[in-house]
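For reference, the structure discussed in these notes is given below.
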Amino acid sequence: MADYIFRTPIVREGPIGLHRLFYFYKLNVAVSIAKSGGTYSQVRYVLDDTMDDYQEFYIGGRNHIVNDATKAALIAGSVGVTEANFTAA
């Protein structure tokens, strides 16, 4: 069984400041992926003490090692995860 490095999806947000030039730039913001009740969902803002309430939790902006079954489940979960989010470990 192969292992993969999973990187969570990102969302582009902007403007990054109040000056008029900042309206031309956007930031990449990582989105966390959580599994609760057998369903995957995107989580934007989570508190540390609520992370234990989920069956699985993948913190945004980090690398996570997953296996074939988890990779297939994340892609099938319809939460914005595609093959591009995985690289061979």
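Derivation of every value follows stated rules applied to the coordinates shown; laboratory data play no part. Not measured: the values here are computed from a predicted model. Here Cβ is always computed from backbone atoms with ideal geometry, including for glycine, and neighbour counts include all displayed protein chains.
Against the criterion of being closer than 19 Å to V81 by Cα and touching a residue at least 40 places away in the same chain (Cβ under 8 Å), V43 does not qualify. The residue of segment 1-39 that is nearest to V81 (Cα to Cα), among those that are loosely packed, with under 15 Cβ neighbours inside 10 Å and aromatic (F, W, Y), is Y25.
Yes or no, residue by residue, for (1) surrounded by 14 or more Cβ atoms within 10 Å (Cβ to Cβ); (2) of a type in the set (S, T, N, Q):
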| site | (1), (2) |
| --- | --- |
| S41 | yes, yes |
| F57 | yes, no |
| G60 | yes, no |
| I65 | no, no |
| T70 | yes, yes |
| A73 | yes, no |
| G80 | yes, no |
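If you check V31 against the conditions, is it in contact with a Gly (Cβ under 7 Å, 6 or more places away or on another chain) and of a type in the set (V, I, T)? Yes; evaluated as a whole, the condition is true for this residue.
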